[in-house]
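The values are calculated or read from the model by the stated rules, or taken from the named source; none is laboratory data. Because the structure is a prediction, the values reported are computed rather than measured. Glycine gets a Cβ as well: all are built from the backbone with ideal geometry, and neighbour counts include every protein chain shown.
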Amino acid sequence: MALIESNFLGGDRLNVGCVPSKAIIRTARLYAEMRDADNVGAQVPGSIGIGFATVMQRMLRIQARLSRADSAQRLMEAGVDVYFGEAQFTGPDVVEVDGDLLRFKKALIATGARSLTPPIPGLAEAGYLTNENVFNLTECPPRLLVIGGGPLGCELAQAFCRFGSHVIIAQDDPMFLPKEERDAAQVLSNSMARDGVEIHLNTTVVAVRSEGTQKTVDLVCAGDKFSVSVDEVLAGIGRTPNVEGMNLEAAGVRYNTQDFIENNPWQSVAIAAGVGFLIGIIVARR
């Protein structure tokens, strides 16, 4: 058994997904509960200080502890050959990684997905955050615009608001969580509003530009255009599969960048791309 990984072991879940997000959400919830202590008959603490750097350090400690289960050493002790590098198929039963050719009987592609780059004029030039770099922050942005009302956008909008940011969230649909139950989406919307998130539904971000140390964002709602000034922009509008660069054609795998990969149960290559929480390419040798 061999495993090929191009980045960090543990995948999205450990490095840029569930683990870091839920770690900071837990702390944000605690801050909110302390502020609302009188709602349950308790006394609100006299001073509630927020140490954002300490919050992020705790997150890193949790990641480090959990990473032991996904370490290369542990995998090798279990009999897995671990290769770090970019994998490319050279045939229906051969994959290459940094000059090494691995021949397999069965292969599982589990390369996951990455954040979509929003086609918003000026956004790339101004710079923006995604789930892949937002957890690298060491200071809480005083003003944060969140683009997108899906799970990522909503959970981080609420968390950063509870940490003290003035958070603006822009969602181009009439409701958050468009794939979920309407009642659940309304509960979430009400909760964010109580926390102080500035909510703009049916609103589209049309341009971003840098002005000194801040970013000015143009938005349109019902034909009316307005602008907001923020320190950071977080984009959470969706994901796209990691399918490029592997030469999947050589393995006879059909795919596209919108609908992921077409899985054929009779192929020697099984597909889990787009799941986002699996790691690497697992190659079972003959």
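Starting from the range 25-44, take each residue that is within 20 Å of Met56 (Cβ to Cβ) and among the charged types (D, E, K, R) and list its partners that are modelled with pLDDT of 90 or more and assigned to a helix (DSSP H, G or I), counting only C-beta distances under 8 angstrom and pairs at least six apart or across chains.
If the second residue must be modelled with pLDDT of 90 or more and assigned to a helix (DSSP H, G or I), the pairs left are Arg29/Arg162.
Tell me which residues, restricted to the range 25-43, are in a loop (DSSP other than H, G, I, E, B) and surrounded by 12 or more Cβ atoms within 10 Å (Cβ to Cβ).
Residue satisfying the conditions is Asp36 alone.
Can you tell me how many residues within the range 215-256 are in contact (Cβ under 8 Å) with a residue 60 or more places away in the chain, crowded, with 16+ Cβ neighbours inside 10 Å and not β-branched (Val, Ile, Thr)?
12
This table checks each residue for (1) in contact with a helix residue (DSSP H, G or I) (Cβ under 6 Å, 6 or more places away or on another chain); (2) among the β-branched types (Val, Ile, Thr).
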| residue | (1), (2) |
| --- | --- |
| Val40 | no, yes |
| Gly46 | no, no |
| Met59 | yes, no |
| Ala72 | no, no |
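Restrict the check to the range 171-182 and report whether at least one residue is surrounded by 14 or more Cβ atoms within 10 Å (Cβ to Cβ), among the polar types (S, T, N, Q), within 21 Å of the chain's Cα centre (by Cα) and not assigned by TED's automatic domain parsing to the domain that holds Gly49.
yes
Taking Phe104, is it outside the structural domain of Met246 (by TED's automatic domain parsing) and of a type in the set (Phe, Trp, Tyr)?
no
Can you name the number of the only condition in (1) touching a helix residue (DSSP H, G or I) at 6+ places or on another chain (Cβ under 9 Å); (2) part of a helix (DSSP H, G or I); (3) in contact (Cβ under 8 Å) with a residue 12 or more places away in the chain that Ala53 fails?
(1)
Determine the pairs where a residue that is free of Cβ contacts under 8 Å to residues at least 40 places away in the same chain, located within the range 115-144, has a partner that is in a loop (DSSP other than H, G, I, E, B) with Cβ atoms under 8 Å apart, the partner being 6 or more residues away or on another chain.
As it stands, the answer is Ala124/Thr117, since those pairs meet every condition given.
Scan the range 14-42 for residues that are under 30 Å from Arg239 (Cα atoms) and among the β-branched types (Val, Ile, Thr) and jot them down.
Those that are under 30 Å from Arg239 (Cα atoms) and among the β-branched types (Val, Ile, Thr): Val16, Val19, Ile24, Ile25, Thr27.
In the range 101-129, how many residues are surrounded by 13 or more Cβ atoms within 10 Å (Cβ to Cβ) and modelled with pLDDT under 95?
15
State whether one or more residues within the range 36-58 are under 18 Å from the mean Cα position of the chain (by Cα) and assigned by TED's automatic domain parsing to the domain that holds Ala110.
Scanning the range 36-58 turns up at least one residue that is under 18 Å from the mean Cα position of the chain (by Cα) and assigned by TED's automatic domain parsing to the domain that holds Ala110.
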